[in-house]
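Following: one structure in structure tokens, then a few remarks.
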Amino acid sequence: MDLLFKDITVIPMEGERVLRGACVGVDAGKICHVGGNDPKLSADRVIDGSDKLLLPGLYNCHTHTPMSLMRGYASDLKLQDWLFNYISPVEGRFAEGMAYTGALISVAEMLSNGVVSFSDMYFMLEGIAAAADEAGVKANLCNGMTAFSPEFDYFKDRSYMETAYILNNYHHRADGRIKADAGIHAEFTSFGRAWRQVVELAEEHGLIMHIHLSETLLEHENCKAKYGTTPAQTLNGYGVFDVRAIAAHCVWLEDSDIDIFREKSVTAVHNPVSNLKLSSGAAPIERLIKAGVNVALGTDGAASNNSLDPLADLKLASILQKCRAGDPTALPAYEALKLVTVNGAAAQGREKESGRIALGLDADLVMLDLHSPRQTAAIDPAASAVYSCTGRDVELTMCQGRILYEKGEYKTIDIEKAMFEAKRAVKKLGIL
Ligand SMILES: [Zn+2]
């Protein structure tokens, strides 16, 4: 085999909750051994797993990677003001190549934080796909359609053209790392005819639908005033959830919306840091999970987080639900880990290839280093992963058996060049 993690603590996310003193083998991009030590096991490279914790590689199911170029810009504003008066005008100045530059920096940050796959909604998808492809990660990419009139024709719009580009150039590639999703930006930025057209595209190609939903109370209540139904009910009426779908935020979901999510198997993507920073509220994640809804985690973009660190956000996600419920047993550590592993893989339609440490699955793995003062006496590995660890504890990130990041070193990204280009792009955008 190519690589063997030896004598390591593992949270495989299936079967036993924790394996101690275990061995995990990787060969030809796949997990080929999970179990105890076997003297017959040998590999080209053996990693000593003492004081290390091995998890399935992490999923970030809602982000906007090029927004790393606006990290730290326009902080501490209301969402509508932030989006329409600050972020959108800068996005309008994005030049050729800037999406690639911003995406590459985000991918580098995510790799250092243990992420193996992300769901992105943005524009200039060609650049984002190139960055993800070069870096070696997995990505589901969509251009979230926005329509400015009820007559808007999706099939003549750039959002369709860019989706078609990903479909034609990446979606069916042999290693399956980069996929096209169908995208609707949000209920309040589009109309019924265009929703039906995006659904048509998703049905034709079996694509996952990615949408922002009920992020703010204003958006939620405006929809009810306009249509007499909640955003989830309104979109459901147009067939948006008849295809596999992921909905970001879901802060203001009502009980009837949760019923729709359960009946239509919609994934709710929780973005706790972005939602709190923009004062949108705290999504009812515990209720969704108890209702049987698949819940994943997203960081949102670097302009509203300002980090792309799922482990750090996971601690907040868990604590937030304890606070909401007035119950410290809400969203316990092991259940929280599902958001960034198995549930994330399911959200992206990758549940048969990834999200767990099991024989035959892609070797998508993250190894955390617990040999530090902040991790000493890490008695419960799940508690350590969720409540103590952040991205700074990530030692190694591997996707499909390929090490992409190890001990601060990037194997596929010229990081100094990437940071230089990013700073240059920010200057060109006129915000630095
Ligand atoms: Zn978003």
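Within 10 Å of each residue's Cβ, count the other Cβ atoms and sort CYS323, CYS142, CYS223, CYS32 from fewest upward.
Fewest to most other Cβ atoms nearby, the residues stand as CYS323, CYS32, CYS223, CYS142.
On a straight-distance basis, which lysines could pair with LYS290 in a cross-link, Cα separation under 17 angstrom, same-chain partners fewer than 8 positions away excluded?
LYS264, LYS322, LYS338
Over all pairs of distinct alpha carbons, what does the Kirkwood formula give as the hydrodynamic radius of the range 360-411, in Å?
11.9 Å
Over every pair of different alpha-carbon atoms in the range 203-301, take the mean of 1/r and invert it; report that Kirkwood radius in Å.
13.5 Å
Straight-line reach from LYS30: which lysines have a Cα under 20 Å away, not including same-chain ones fewer than 8 places off?
Leaving aside lysines fewer than 8 places away in the same chain, those within reach of LYS30 are LYS6, LYS40, LYS138, LYS179, LYS352, LYS411.
Kindly give the semi-axes, whole Å and largest first, of the ellipsoid equivalent to the chain, taking each as the square root of 5 times a Cα gyration tensor eigenvalue.
For the chain, the semi-axes come out at 34, 24, 21 Å.
With a Förster radius of 25 Å, plug the Cβ-Cβ distance of ARG193 and LEU217 into 1/(1 + (r/R0)^6) and report the FRET value to the nearest 0.05.
0.40
In the range 277-356, how does Rg compare with the Kirkwood Rh, expressed as the Rg/Rh ratio over alpha carbon atoms?
0.97
Please give the peptides 369-378, 99-108, 382-391 ranked by average Cβ packing (other Cβ atoms within 10 Å per residue), highest first, as a rough proxy for protection.
Ranking the peptides 369-378, 99-108, 382-391 by packing returns 99-108, 382-391, 369-378.
Using a 10 Å Cβ count of at most 12 others and DSSP loop calls, identify the longest part of the chain lacking such GluC sites (Glu not before Pro).
By the stated rule (loop sites, at most 12 other Cβ atoms within 10 Å), 152-432.
Using a basic spin-label model with each label point 7 Å from the Cα along Cα→Cβ, how many nm lie between ASP44 and LYS226?
Modelled inter-label distance: 5.4 nm.
For ARG158 and ALA282, calculate 0.36 nm times their separation in residues minus their Cα-Cα distance, and state this gained length in nm to one decimal.
Taking ARG158 through ALA282 to full extension adds about 41.3 nm, to one decimal.
On a straight-distance basis, which aspartates and glutamates could pair with LYS226 in a cross-link, Cα separation under 15 angstrom, same-chain partners fewer than 8 positions away excluded?
GLU187
For n ≥ 4 DSSP H runs only, could you compute -39500 (n - 2.57) per run for the chain, divide by its residues and tell me the 222 nm figure to the nearest 500?
Taking each H run of at least 4 residues, the total per residue is -9500 deg cm²/dmol.
Antiparallel versus total DSSP beta bridges in the range 1-99: what percent is that, nearest 5?
Looking only at bridges with both residues in the range 1-99, the antiparallel portion is about 60 percent.
Would you please state the base-10 log of I(q)/I(0) at q = 0.11, 0.12 1/Å for the range 307-409, with intensities from the Debye formula using one equal scatterer on every alpha carbon?
For the range 307-409 at q = 0.11, 0.12 Å⁻¹, log10 I(q)/I(0) is -0.37, -0.44.
If amide H atoms are built 1.01 Å from N in the plane of the peptide, which residues on other chains or at least 5 residues away come under 5 Å of the amide H of ALA248?
So ALA248 has HN proximity to ILE211, HIS212, LEU213, VAL269.
Order these by the 10 Å Cβ neighbour count, fewest first: SER318, SER68.
So the residues, fewest neighbours to most, are SER318, SER68.
Under a plain spin-label model, where a point goes 7 Å from the Cα along Cα-to-Cβ, how far apart in nm are SER265 and LYS352?
1.2 nm
With a point put 7 Å past each Cα toward its Cβ, work out how far SER372 is from ASP175 in nm, to one decimal.
The answer from the label model is 2.8 nm.
Would you grab the residues whose amide H sits under 5 Å from the one on LYS30? Only those 5+ places off in sequence or on another chain, please, with H modelled 1.01 Å from N.
Correct list: ALA363.
Can you give me the Cα centroid spacing of the range 96-167 and the range 254-286 in angstrom?
Taking the Cα centre of the range 254-286 as reference, the centre of the range 96-167 is 23 Å away.
Over the Cα atoms of the range 191-242, compute the convex hull volume and normalise it per residue, giving Å³.
Dividing the Cα hull volume of the range 191-242 by its residue count gives 63 Å³.
Starting with the fewest neighbours, write out LYS224, LYS138 ranked by other beta-carbon atoms found within 10 Å of each beta-carbon.
Fewest to most other Cβ atoms nearby, the residues stand as LYS224, LYS138.
Where a number appears in this text, it was derived from the coordinates with a stated rule and is not lab data. Since the model is a prediction, treat every value here as computed from it, not as a measurement. In this analysis, Cβ positions are derived from the backbone assuming ideal geometry, glycine residues included, and neighbour counts consider all displayed protein chains.
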